[in-house]
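The values are calculated or read from the model by the stated rules, or taken from the named source; none is laboratory data. The structure presented is a predicted model; accordingly, all values stated were derived computationally and were not measured. Reconstructed Cβ throughout: ideal geometry from the backbone, glycine too, with neighbour counts over all protein chains shown. Keep in mind that these areas ignore ligands, DNA and RNA; they rest on the heavy atoms of the full protein, side chains included. Shrake-Rupley method; radii C 1.70, N 1.55, O 1.52, S 1.80 Å.
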Amino acid sequence: FIQGAARGFSKKLHETYNNERLYQIDPVVRGASQTTEPFWWSDVYLSKNMNEEERAFLELVREETPGDGMTIPVFGPNRRNGYVGICFDGYNIELSELQISRLQSAAQIAHQRYCKFLNDKKKEDVDLSVREKEILSWIVRGKSNSVIADIIGISSNTVDTYLRRIYGKWGVSNRVTAALRGLPSGLVS
């Protein structure tokens with residue numbers, strides 16, 4: 001559902017976050033996926049809906065990142081949702097509802113432009129035939145090559161050939177990766 005990018009954290013925290021996949025237990029990410037409204041990180045710290053692993057993660061972040069911040073959920077086409085995180089780096093900031101609304105609008109506009117850029121880039125990079133798109137759409141739905149062959153009236157070997165072409169064009173090596181790439185591209189639904 002959600003994609004984020006971390007900037008402004010220490011190199012150590014950034015590496016730990018990525019290498020240990022801490023985004024899987026980050027309650028801020030979970031919070032951003034459950035609301036449409038901006039929220040303060042300090043509100044997450046006060047939440048009683050966290051397990052021990054999430055609390056330990058937040059303690060690590062608090063040690064490395066002084067001050068409060070805000071998370072603003074953003075929404076894009078083809079379920080390309082994410083969030084914008086703003087760290088106030090030790091400053092005690094108070095924002096009015098109007099200021100928060102303006103930040104939310106700016107974040108959403110920036111996210112829409114980012115999505116358009118990605119879609120334009122993917123359309124340039126991806127040149128799938130109508131049949132390849134059709135097969136990919138069945139792959140996304142979890143159908144096997146033999147079932148796809150029966151559905152569209154071609155041989156299983158032909159489905160395999162189309163699938164190998166998709167792999168080659170996209171530089172992927174398996175059907176799961178092809179499906180994951182196809183979903184946000186807007187080529188399949």
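Identify the trypsin sites (Lys or Arg not before Pro) of the stretch 36-144 meeting these criteria: DSSP loop state and at most 14 other C-beta atoms within 10 Å of the C-beta.
Values: sites: LYS48, ARG55, ARG62, ARG79, ARG80, ARG102, ARG113, LYS116, LYS121, LYS122, LYS123, ARG131, LYS133, ARG141, LYS143; in loops: LYS48, ARG80, ARG141, LYS143.
Those satisfying the criteria are LYS48, ARG141.
Counting only helical runs of four or more DSSP H residues, what would the 222 nm mean residue ellipticity of the chain come to if each run contributes -39,500 (n - 2.57) and the total is spread over all its residues?
Rounded to the nearest 500, the figure is -18000 deg cm²/dmol.
Rounded to whole Å and sorted largest first, what semi-axes of the equivalent ellipsoid does the C-alpha gyration tensor of the stretch 4-110 yield via the square root of 5 times each eigenvalue?
Working from the Cα gyration tensor, I get semi-axes of 21, 17, 14 Å.
When the chain is fully extended, how far beyond the present Cα-Cα distance does SER10 get from GLU64, taking 0.36 nm per residue of separation?
Gain on extension, SER10 to GLU64, equals 18.8 nm.
How long is the gain from LYS169 to ARG102 if the chain were fully straight, where each residue apart is worth 0.36 nm and the alpha carbon distance is subtracted?
Working: separation 67, 0.36 × 67 = 24.12 nm, distance 4.13 nm.
So the extension gain works out to 20.0 nm.
Grab the chain and count how many Lys pairs have their alpha-carbon atoms under 24 Å apart, sequence gap of 8 or more, or different chains.
11
Express the C-alpha Rg of the chain as a ratio against the empirical globular expectation 2.2 N^0.38 Å, rounded to two decimals.
In units of the 2.2 N^0.38 Å rule of thumb, it is 1.29.
State in Å² the accessible area per residue of the chain; use a 1.4 Å probe, count heavy atoms of protein chains only, and round to the nearest integer.
Solvent-accessible surface per residue comes out at 61 Å².
Between GLU37 and ARG113, what is the spin-label point distance in nm, taking each point 7 Å from the Cα along the Cα→C-beta axis?
The answer from the label model is 2.8 nm.
For the stretch 18-73, compute Rg over Rh where Rg is the Cα radius of gyration and Rh is the Kirkwood radius from the inverse mean 1/r over Cα pairs. Provide the component values of the computation, followed by the final result.
Working: Rg = 10.8 Å, Rh = 11.7 Å.
Here Rg/Rh amounts to 0.93.
Using the Cα centre of the chain as the reference point, and only Cβ charges (+1 on K/R, -1 on D/E), how large is the resulting charge dipole? Debye, rounded to the nearest 20.
Its charge dipole is roughly 1020 debye.
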